[in-house]
Amino acid sequence: QEAQALLDRARTHPLEIRKVERQPEKSLPPQLYDLTELQRDMNRRFGMSAATTPVAAQSLYESKLITYPRTDSRYLTTDMKKEVPGIFRDLQSLKPHEVSKLDLQALPFNGRIVNNQKVTDHHAIIPTGAMPGTLRDGEQKVYEAIVVRFIAAFYPPCLKEVTTVDGVANEVPFRARGVRVVAPGWTELYPRKSADGENEDEQLLPDFLPRESGPHEPFIKPGETSPPKHFTENTLLGA
């Protein structure tokens, strides 16, 4: 009843924009894989079990396509910096468009990629640069994920503009929030589209201006809380 009373108050009056705030936001590239993160990603994206992924990765390792997979580190060591440009050159025939956007003479070896203190027995899982032949389905998915993650780690951040719009109609407050991608950076390697073609976790807003007003169609949206979801192998590994 309280919601209905607010709706009745608001809907017969125009919505006036009171404030528009725009904040830049930066999303850093993902780090390289260790085995657990690889298992989580394969389960989340393809439903592969935590037992299946290491088997596929071990096969890729034995075929000399990736480095040692049973690692708990997501970093490279300083002495590997000289090897990385050569691996990218080898991968150019496989991912020409993606690799072409990297400056192989000045790769951004930051602390999220290189850290000697966080490498014990084995460094992060990366491709060797060797070209694969015919791979089984699970092996192909794992190999593709490792190659794309290796490239993405060296891509620039994704830059966004988060917009918050406050309005009022007959003293009833309204707020909308939307995100505009300014520079996609590493996210262009991971396109996520919903059925209507828009990025599924972003609301696109018109270019609102303070003090403008116009008609609107407010409504009441019912909702309910839901119990915690069951664990997946991805979330269980994370826990």
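The values are calculated or read from the model by the stated rules, or taken from the named source; none is laboratory data. This one's a predicted model, so the numbers in the text were calculated from it and none came from an experiment. Every residue, glycine as well, gets a Cβ built from its backbone with ideal geometry; the counts of neighbours run over all protein chains shown. Calculation scope for accessible area: heavy atoms of the full protein, side chains included, ligands and nucleic acids excluded. Shrake-Rupley method; radii C 1.70, N 1.55, O 1.52, S 1.80 Å.
Brief remarks on what is shown
- The antiparallel fraction among DSSP beta bridges confined to the chain stands at about 95%.
- Stretched out straight at 0.36 nm per residue, the stretch from Arg175 to Asp8 would grow longer than its current Cα-Cα span by 58.3 nm.
- Of the trypsin sites (Lys or Arg not before Pro) in the stretch 44-141, the ones in a loop by DSSP (not H, G, I, E or B) with at most 14 other beta carbons within 10 Å are Lys64, Arg70, Lys81, Lys82, Lys101, Arg136.
- Counting 0.36 nm for each residue step from His216 to Asp72 and taking away their Cα separation leaves a gain of 46.5 nm.
- Proximal charge balance of Gln39 [Cβ under 15 Å; K/R count +1, D/E count -1]: +1
- Ranking by accessible area, most exposed first, for His123, His97, His13 with a 1.4 Å probe: His97, His13, His123
- Calculated Rg and Dmax of the Cα atoms in Å (choose from (i) 23.0, 77; (ii) 23.7, 70; (iii) 21.1, 67), label: (ii)
- Accessible area in square angstrom per residue, the chain, 1.4 angstrom probe: 62 Å²
- Summarising the amide proton neighbourhood of Ser73: residues at separation of 5 or more, or on other chains, whose placed amide H is nearer than 5 Å comprise Leu35.
- By the helix-only formula, in which each DSSP H run with n ≥ 4 contributes -39500 (n - 2.57) and the sum is divided by residues, the chain has a 222 nm mean residue ellipticity of -8500 deg cm²/dmol.
- Relative contact order computed over the stretch 100-239 (Cα-Cα under 8 Å; 6+ residues apart), in percent: 16 percent
- Percent accessible area from carbon and sulfur atoms, the stretch 85-239, protein chains only, probe 1.4 Å: 52 percent
- Dipole of the chain [Lys/Arg +1, Asp/Glu -1 at C-beta], most positive-end residue of Pro228, Pro85, Pro54: Pro85
- Radius 11 Å from Cβ of Arg74, net charge of other residues (Lys, Arg +1; Asp, Glu -1): 0
- Label reach from Leu28 (point 7 Å along Cα→C-beta): in the stretch 101-116, amide nitrogens under 17 Å belong to 108-116.
- Charge context of Pro127, other residues only, Cβ under 11 angstrom, K/R +1, D/E -1: +1
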